Each structure stands twice: as structure tokens, then as C-alpha cells.
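Novice: I'd like to ask you about the structure that follows.
The values are calculated or read from the model by the stated rules, or taken from the named source; none is laboratory data. Because the structure is a prediction, the values reported are computed rather than measured. Cβ placement follows ideal geometry from the backbone for every residue including glycine, while neighbour counts extend to all protein chains displayed. Accessible surface is based on the protein model in full, side chains and every heavy atom, while ligands, DNA and RNA are left aside. Shrake-Rupley method; radii C 1.70, N 1.55, O 1.52, S 1.80 Å.
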Amino acid sequence: NGGNLKKCFETILKGPIQYPDPKHISLSKNCKNFIELCLCKKPQNRLGTKNGVEEILSHPWIKGLNE
């Protein structure tokens, strides 16, 4: 129903990022930083806003995927 959808959007917009339980899935510090930068509440602060895809590709977590 519409009320649940609205509540879902409010949680996304205002709630903190929730990561999986580390006992089940372990995320590196760089991975969490990448997620946080991609999901910044203010669009002007999101990763890629200043220098596009180059900014995203130069993030340590992305660069580390190819090593």
C-alpha cells in the first residue's frame, strides 16, 4: 500500500546506512566508504559528482578490485 512505500522512501532518505551482520558478510573499510560516498544524502556530495566516472574509478575500493 502507499503508506508502506512512503515509509520506505523516508527510511532511505533519512535513515542511516545499514550494513549486513559482519558474521555473515565482511565489508572492508574501503568498500563501506565507497557505499557511503555513492549514497550521500546530498547529491552534490556523491561520488562522481565533481569528476564523473573518473572520480568513481579512482576510488581505492574500485581500484583494488583489479589488483
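Novice: Looking at region 24-54, which of the residues that are outside any helix (DSSP H, G or I) and open to solvent by less than 70 Å² (accessible area, probe 1.4 Å) is nearest to Leu13 (Cα to Cα)? I'd like the intermediate steps shown before the answer.
Specialist: Residues of region 24-54 that are outside any helix (DSSP H, G or I), as a first pass: 24-28, 39-42, 46-51.
Next, from what is left, pick out any that are open to solvent by less than 70 Å² (accessible area, probe 1.4 Å): 27-28, 40, 47-48.
Details: Leu27: 22, Ser28: 24, Cys40: 10, Leu47: 17, Gly48: 19 Å.
Here the residue is Cys40.
Novice: From Ile17, Ile12, which residue is touching a residue at least 12 places away in the same chain (Cβ under 8 Å) and either β-branched (Val, Ile, Thr) or open to solvent by 100 Å² or more (accessible area, probe 1.4 Å) (or both)? Spell out how you get there, then give the answer.
Specialist: Details: Ile12 fails: touching a residue at least 12 places away in the same chain (Cβ under 8 Å).
Answer to the check: Ile17.
Novice: A further question on this structure: Counting just the residues of region 55-66 that are in a helix (DSSP H, G or I) and of a type outside the set (A, V, I, L, M, F, W, C), which one comes out most open to solvent (accessible area, probe 1.4 Å)? Step through it out loud before you land on a result.
Specialist: Filtering region 55-66 for residues in a helix (DSSP H, G or I) gives 55-57, 60-65.
The next check asks that each one be of a type outside the set (A, V, I, L, M, F, W, C); those that pass are 55, 60, 63-64.
Details: Glu55: 38, Pro60: 75, Lys63: 111, Gly64: 36 Å².
Restricting to residues being in a helix (DSSP H, G or I) and of a type outside the set (A, V, I, L, M, F, W, C), the top hit is Lys63.
Novice: Enumerate the pairs (first residue in region 44-63 and more than 18 Å from Lys29 (Cα to Cα); second residue anywhere and charged (D, E, K, R)) with beta-carbon separation below 7 Å, excluding pairs fewer than 6 apart on the same chain, so at least 6 apart or on different chains.
Specialist: Every condition considered, the pairs that remain are Gly48/Glu55.
Novice: Would you mind stating whether Gly3 is touching a residue at least 24 places away in the same chain (Cβ under 8 Å), assigned to a helix (DSSP H, G or I) and either small (Gly, Ala, Ser) or touching a strand residue (DSSP E or B) at 6+ places or on another chain (Cβ under 7 Å) (or both)?
Specialist: Numbers: touching a residue at least 24 places away in the same chain (Cβ under 8 Å): no; assigned to a helix (DSSP H, G or I): yes; either small (Gly, Ala, Ser) or touching a strand residue (DSSP E or B) at 6+ places or on another chain (Cβ under 7 Å) (or both): yes.
So Gly3 fails the test.
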